[in-house]
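Engineer: Here it is, the structure in full.
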Amino acid sequence: MMLVRGLLLESFYIPSASMEPTLTPQDRILVNKIGGASSVQRGDLVVFDGTHTFADRAAGPGSGQGSAVARIMVSMASTLSIHLNESDYVKRVVGLPGDHVVCCDAKGLLTINGTEVQEPYLYPGDRPSDLTFDVTVPPGRLWVMGDHRSDSADSRAHLGDPGGGMVRLDDVIGRAGMIYWPPGRVGILRAPASWGNIPAAAAGEVRR
């Protein structure tokens, strides 16, 4: 069990609404660590350590784990292999290294390498993005976004930070494979089938 928990699978708890409706608060997910970042594809849900990209801005009074209660909660959760680390995040991979990601086009849609993307997982009433952006993902990085776009501090919120909001591949813990709790929410997590038609990054771009 220690081998499975440490090397193959890991359990995480969803504390926020940033990935609704795909993931809702109090969902528990299993994350597949096999292959790590090398197996990540567009549309996948990934869990990553955001210490180097997201955590600094998100941190504030009361957000850390310095209190005795917080330390006890984290210790108990770790014993059950349910992680509450505030520097770990789950988001959807929108751009791989070399991808040109733009929002929004004349139709109000997200485009990847010039191809319009349909996003059936978006929170009802949300647009692909209220913030316009035009980015090319550098080598060794990912552009990630939450499904509840109006309630997600994702790559868009960190454009002005060092790294431009791009998550390091080295920080990817694994791919979210399924919701296993609560029972009424059990299900497999997959990338949209239509995303398989998105063309690769332009020739000459380095992809890791």
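The values are calculated or read from the model by the stated rules, or taken from the named source; none is laboratory data. Just so you know, these numbers come straight off a predicted model, no measurement behind them. With ideal geometry, Cβ positions are generated from the backbone for all residues, glycine too; neighbour counts draw on all protein chains shown. Accessible surface is based on the protein model in full, side chains and every heavy atom, while ligands, DNA and RNA are left aside. Shrake-Rupley method; radii C 1.70, N 1.55, O 1.52, S 1.80 Å.
Engineer: Can we say ASP130 is in contact with a strand residue (DSSP E or B) (Cβ under 7 Å, 6 or more places away or on another chain), without any contact (Cβ under 8 Å) to a residue 24 or more places away in the chain and surrounded by fewer than 14 Cβ atoms within 10 Å (Cβ to Cβ)?
Structural biologist: Answer is no for this residue.
Engineer: I'd like the residue in region 7-26 that is part of a loop (DSSP other than H, G, I, E, B) and of a type in the set (A, V, I, L, M) and, out of all such residues, is surrounded by the fewest Cβ atoms within 10 Å (Cβ to Cβ).
Structural biologist: ALA17
Engineer: Can you pull out the residues in region 96-116 that are within 19 Å of ARG127 (Cα to Cα), touching a residue at least 60 places away in the same chain (Cβ under 8 Å) and of a type in the set (Gly, Ala, Ser)?
Structural biologist: GLY114 - this is the single residue of region 96-116 that is within 19 Å of ARG127 (Cα to Cα), touching a residue at least 60 places away in the same chain (Cβ under 8 Å) and of a type in the set (Gly, Ala, Ser).
Engineer: Checking GLY160 against (1) under 21 Å from CYS103 (Cα atoms); (2) surrounded by fewer than 20 Cβ atoms within 10 Å (Cβ to Cβ); (3) touching a residue at least 40 places away in the same chain (Cβ under 8 Å), which test does it fail?
Structural biologist: (3)
Engineer: Ok, one more. So which of GLY98, GLY36 ends up being within 15 Å of the chain's Cα centre (by Cα) and either at pLDDT 95 or above or open to solvent by less than 60 Å² (accessible area, probe 1.4 Å) (or both)?
Structural biologist: Within the list GLY98, GLY36, the selection yields GLY36.
Engineer: May I pose another question? Could you check GLY165 against (1) open to solvent by 20 Å² or more (accessible area, probe 1.4 Å); (2) at pLDDT below 95; (3) within 18 Å of the chain's Cα centre (by Cα) and say which number it fails?
Structural biologist: Result: GLY165 passes all but (1).
Engineer: Would you point out which residue out of ALA202, ALA193 is open to solvent by less than 80 Å² (accessible area, probe 1.4 Å) and either at pLDDT below 95 or under 22 Å from ASN32 (Cβ atoms) (or both)?
Structural biologist: Only one candidate qualifies: ALA202.
Engineer: Being out of contact with any Pro (no Cβ under 7 Å at 6 or more places or on another chain), among the basic types (Lys, Arg) and either more than 15 Å from PRO21 (Cα to Cα) or without any contact (Cβ under 8 Å) to a residue 12 or more places away in the chain (or both) is the requirement here; does ARG141 meet it?
Structural biologist: Taking the combined requirement at face value, the residue does not satisfy it.
Engineer: Among the listed residues GLY184, GLY177, GLY196, which satisfies the condition of being outside any loop (DSSP other than H, G, I, E, B) and closer than 17 Å to GLU20 by Cβ?
Structural biologist: Of GLY184, GLY177, GLY196, the one residue that is outside any loop (DSSP other than H, G, I, E, B) and closer than 17 Å to GLU20 by Cβ is GLY184.
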